[in-house]
Amino acid sequence: MLIILTGTLQISNIDAQIISTIAGIGPWGYNGDGIPATAAKLNDVPRIAIDACGNLYLGDSRNNRVRKVDAVTGIITTVAGTGVLGYNGDGIPATSAQLNWPTCIALDNVGNVYIGENEYRIRKVDVVTGIISTFAGNGIAGFSGDGVLADTSSIYTGDMAFDPFGNMYMCDLFRIRKIDPSGIITTIAGTGDSGIIVEGVPATATDIGTYPAIATDIHGDVFFVDAEGSIRKITVSTGAMVRVAGIGTVGPYTGDGIPATSCQMAPTSVYVDKYGNIFVAIFSNNICIEIDTFGITHTVVGTGVQGFSGDGGPATAARLWWPKDIIFDNRGQMYLSDWENGRIRKVTFPYTAPTITNSISANPGDTICTSRATTFTDMITGGTSGAIYGYEWYVDGSIVSTTGNTYTYSPANGDSIRCVCISDLCNGGDSASSNSIIMSVSPISAPTITVTAPAASAVGSTVTVNATIAGAGSGYSINWYNNSALFSTTAALSTTYTKAAGTDHITATVVPGETGCYDSTASAVSTVMASTTGAPSRPSPEGKEVLRSYPNPLKDLLYLDDVRTLAEYKIMSMIGSAIRQGTLQQGSNTINVKELPGGVYMLEVVYGDGSRVTAKIVKQ
């Protein structure tokens, strides 16, 4: 892009734009493939195209071939055509197909090659398979209407260009046609006559005459050279058409540094870069100009004197002979067809590699526990728009993955992780290394958890329970359970709940925090029994508490009366081993002892206040 300084409108770095020849030796002819393009003869190349990787495609029309100059090796080869004028069908390798003066050429967004022939067809060469097919035109010259499939339509073939959305725009004699991605053809400009162009009306409501060139910008709007030596823009979304260059009469170029709409010219091609600058080849003046985003004209290639000279020097000091086409690659370098010289010239504009910011993050973080998987994610900002990036992941300096912008594994303590991103060679091969993350990995251990609670509490009262925790790191939380049901989660070492009837078995677990490395372990059980505050005891006449159990001896059921409040019971052997235990309700209770073997047992009842009542029972 040329930088325009407001006020003085000077062009920056103009002397740094060096011109060279990258294909053709002149004069016209053909001397074979598989040789350096700079040693090859070309035979009438009015249109050129370039793919995302910088490979150059030439419509070598009088040789009835489409040829490719490899971006890396510089070797020229044929990608379509046998050199024999004609048409021998579709569905065959493009290198076996006959072409008929392939004067126009374009590439779609994935690199398929489209060839405009004098046989009133546009052919397509699949970039993957190399098979040729008909994309538009039935081989019959004419106009057979809109809204039909393009490959069934009668057309005149002319220059072509694709927009970023996959639509092709083509010059069709006195019309501009659009072929959408579904293959339907419609008219977006021209009435089909070669009359006078009317200003201020929709593009489809005026004649536009014949024209040699067409281009699109990054918004999908269309620019074309009309029959009056002007360049016009069609805003596709509205159909509005305006003149952006030229005065409406064809004539010699009238100079730099003036508004393009006040400049006379005779353009033969047009190109719009991603910044909105318009580049124009002016055939008869042997120059290429730029119309900047302020609408001001500047010569960027050529002296205006016909001839061939200047390779290795400033582009503005070089001589051209009837330049016909201009294109740019992804790095902003210009290529032009120096038609009568039988060469393709390249103008190297100043290039600054894009700034790439590359950083990685770790989830769940850079401090983890042994055997815990961590996912690292690479994030890129800046770089080349549309570039496809590859990712190289390194652990302690050794490459471990190239599969994408994420990498997951279980680090060891002290591992250093970083990622290098590299744009594809088609977008410059620019690269950047990320920050490094040093992992801190701690071993897993079980914490110690002790829960304390009152032995008994009245129904309806607030009970406070406490935990003592060791070996759990920091930032943990505590899950509290009553009879295995979660009732509270806290970051504090205590919590409260309301006492209900029955016996509560309180436990706790800890949930790992920032530095906790363990499998959650439950605490021991702490029991809280319900008590009835102020409930009278029923002592015997001797002052001992009474608990009536019967029958004795018993067979299947043991009945207990006068249980003064909730209590726990145990049936034990005579040597003190617990055989059966459970909870008693206040009042009368029944215990099923059918499964107990016959013998003598001790019954113990423990109240919430710690008092005990025992009795000897005999099981038959």
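Restricted to the stretch 114-138, and to residues that are outside any strand (DSSP E or B) and open to solvent by less than 10 Å² (accessible area, probe 1.4 Å), which residue is nearest to ASP51 (Cα to Cα)? Before the answer, list the steps.
In the first step, residues of the stretch 114-138 are kept if they are outside any strand (DSSP E or B); the result is 117-121, 126-130, 137-138.
Filter once more, so that each one left must be open to solvent by less than 10 Å² (accessible area, probe 1.4 Å): 117, 137.
Working: GLU117: 20, GLY137: 24 Å.
It comes out as GLU117.
Pairs, please: C-beta under 7 Å, at least 6 apart or cross-chain, first residue on the phi < 0 side of the Ramachandran plot and part of a loop (DSSP other than H, G, I, E, B) and in the stretch 139-153, second among the β-branched types (Val, Ile, Thr) and open to solvent by less than 60 Å² (accessible area, probe 1.4 Å)?
Pairs found: ASP146/ILE185; ASP146/THR186; ASP146/THR187; SER153/ILE185.
Looking for something without any contact (Cβ under 8 Å) to a residue 40 or more places away in the chain, touching a Leu at 6+ places or on another chain (Cβ under 9 Å) and of a type in the set (Gly, Ala, Ser) - is there at least one such residue anywhere in the stretch 588-604? Give the derivation first.
Our first condition is that a residue be without any contact (Cβ under 8 Å) to a residue 40 or more places away in the chain; within the stretch 588-604, this holds for 588-602, 604.
From what's left, touching a Leu at 6+ places or on another chain (Cβ under 9 Å): 588-594.
Checking which are of a type in the set (Gly, Ala, Ser) leaves us with 588.
Yes; the residues of the stretch 588-604 include at least one that is without any contact (Cβ under 8 Å) to a residue 40 or more places away in the chain, touching a Leu at 6+ places or on another chain (Cβ under 9 Å) and of a type in the set (Gly, Ala, Ser).
Which ones in the stretch 50-68 are under 38 Å from the mean Cα position of the chain (by Cα) and either open to solvent by 10 Å² or more (accessible area, probe 1.4 Å) or more than 16 Å from GLN333 (Cβ to Cβ) (or both)? Outline the logic, then answer.
The first filter runs over the stretch 50-68 and keeps only residues under 38 Å from the mean Cα position of the chain (by Cα), leaving 50-59, 66-68.
Result: ILE50, ASP51, ALA52, CYS53, GLY54, ASN55, TYR57, LEU58, GLY59, VAL66, ARG67, LYS68.
Could you grab me the full set of residues in the stretch 168-185 that are farther than 18 Å from ALA227 by Cβ and open to solvent by less than 20 Å² (accessible area, probe 1.4 Å)? Spell out the reasoning first.
Initial filter on the stretch 168-185 (farther than 18 Å from ALA227 by Cβ): 168, 178-185.
Scanning the stretch 168-185 gives MET168, ILE179, GLY183, ILE185.
Quick check on ALA150: is it at pLDDT 95 or above and under 23 Å from VAL45 (Cα atoms)?
Numbers: at pLDDT 95 or above: yes; under 23 Å from VAL45 (Cα atoms): no.
It is false that ALA150 is at pLDDT 95 or above and under 23 Å from VAL45 (Cα atoms).
Testing ASP226 on (1) modelled with pLDDT of 95 or more; (2) open to solvent by less than 60 Å² (accessible area, probe 1.4 Å), one condition comes back false. Which one is that?
(1)
Which condition number in (1) in contact with an Asp or Glu (Cβ under 8 Å, 6 or more places away or on another chain); (2) open to solvent by less than 50 Å² (accessible area, probe 1.4 Å); (3) in a loop (DSSP other than H, G, I, E, B) is the one that TYR87 fails?
If we test TYR87 against (1) in contact with an Asp or Glu (Cβ under 8 Å, 6 or more places away or on another chain); (2) open to solvent by less than 50 Å² (accessible area, probe 1.4 Å); (3) in a loop (DSSP other than H, G, I, E, B), just (2) comes out false.
To keep it simple, each residue is scored yes or no on (1) of a type in the set (Lys, Arg); (2) under 17 Å from VAL45 (Cβ atoms); (3) not in a strand (DSSP E or B).
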| position | (1), (2), (3) |
| --- | --- |
| THR303 | no, no, yes |
| ASP311 | no, no, yes |
| LYS324 | yes, yes, no |
| ASN330 | no, no, yes |
| SER337 | no, yes, no |
| ASN341 | no, yes, yes |
| PRO350 | no, no, yes |
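Identify, please: which residue in the stretch 69-78 is assigned to a loop (DSSP other than H, G, I, E, B) and open to solvent by 30 Å² or more (accessible area, probe 1.4 Å) and is, among those, modelled with the lowest pLDDT? So that I can check it myself, show each step before the final result.
Going residue by residue through the stretch 69-78, those that are assigned to a loop (DSSP other than H, G, I, E, B) are 70-74.
Filter once more, keeping what is open to solvent by 30 Å² or more (accessible area, probe 1.4 Å): 70-73.
Working: ASP70: 95, ALA71: 91, VAL72: 88, THR73: 93.
Within the stretch 69-78, the match that is modelled with the lowest pLDDT is VAL72.
Looking for something at pLDDT 85 or above and open to solvent by 30 Å² or more (accessible area, probe 1.4 Å) - is there at least one such residue anywhere in the stretch 525-532? Give the derivation first.
As a first pass, look at the stretch 525-532 and keep what is at pLDDT 85 or above: none.
No - not one qualifying residue is present in the stretch 525-532.
Please give the strands (runs of 3 or more DSSP E) falling wholly within the stretch 365-463 in which 1 or more residues are open to solvent by less than 30 Å² (accessible area, probe 1.4 Å) and in contact (Cβ under 8 Å) with a residue 24 or more places away in the chain. Write out each step before concluding.
Working: elements: 367-369, 374-382, 389-395, 398-401, 406-409, 416-423, 431-433, 440-442, 448-452, 456-458.
In the stretch 365-463, the matching strands (runs of 3 or more DSSP E) lie at 367-369, 374-382, 389-395, 416-423, 431-433, 440-442, 448-452, 456-458.
What's the number of the only condition in (1) aliphatic (A, V, I, L, M); (2) modelled with pLDDT of 95 or more; (3) open to solvent by 40 Å² or more (accessible area, probe 1.4 Å) that ILE188 fails to meet?
(3)
Testing GLY81 on (1) surrounded by 20 or more Cβ atoms within 10 Å (Cβ to Cβ); (2) touching a residue at least 24 places away in the same chain (Cβ under 8 Å), one condition comes back false. Which one is that?
Against the list (1) surrounded by 20 or more Cβ atoms within 10 Å (Cβ to Cβ); (2) touching a residue at least 24 places away in the same chain (Cβ under 8 Å), GLY81 comes up short only on (2).
What tally of residues in the stretch 567-584 results from selecting those that are in contact with a strand residue (DSSP E or B) (Cβ under 7 Å, 6 or more places away or on another chain) and open to solvent by 30 Å² or more (accessible area, probe 1.4 Å)?
Narrowing the stretch 567-584 to residues in contact with a strand residue (DSSP E or B) (Cβ under 7 Å, 6 or more places away or on another chain): 567-574, 578-584.
In the following step, the residues that additionally are open to solvent by 30 Å² or more (accessible area, probe 1.4 Å) were identified as 568, 570, 572, 574, 578-581, 583.
Within the stretch 567-584, residues that are in contact with a strand residue (DSSP E or B) (Cβ under 7 Å, 6 or more places away or on another chain) and open to solvent by 30 Å² or more (accessible area, probe 1.4 Å) number 9.
Filter the stretch 204-213 down to the residues that are under 21 Å from PRO252 (Cα atoms) and either within 36 Å of the chain's Cα centre (by Cα) or open to solvent by 20 Å² or more (accessible area, probe 1.4 Å) (or both) and list them by number.
Correct list: THR210, TYR211, PRO212, ALA213.
I'd like to know if the stretch 335-343 contains one or more residues that are open to solvent by 10 Å² or more (accessible area, probe 1.4 Å) and either under 30 Å from the mean Cα position of the chain (by Cα) or at pLDDT below 90 (or both).
Step one: filter the stretch 335-343 for residues open to solvent by 10 Å² or more (accessible area, probe 1.4 Å), giving 335, 339-341, 343.
Now drop any that are not either under 30 Å from the mean Cα position of the chain (by Cα) or at pLDDT below 90 (or both), which leaves none.
The answer is no; no qualifying residue exists.
Quick one: PRO252 ticks every box in (1) touching a residue at least 12 places away in the same chain (Cβ under 8 Å); (2) farther than 25 Å from PRO46 by Cα; (3) open to solvent by 60 Å² or more (accessible area, probe 1.4 Å) except a single one, so which number is it?
Condition not satisfied by PRO252: (2).
The values are calculated or read from the model by the stated rules, or taken from the named source; none is laboratory data. Everything numeric here is computed off the predicted structure, so don't read it as measured data. Every residue, glycine as well, gets a Cβ built from its backbone with ideal geometry; the counts of neighbours run over all protein chains shown. The protein model used for the area step is the full one, side chains on, heavy atoms only, and it has no ligands, DNA or RNA in it. Shrake-Rupley method; radii C 1.70, N 1.55, O 1.52, S 1.80 Å.
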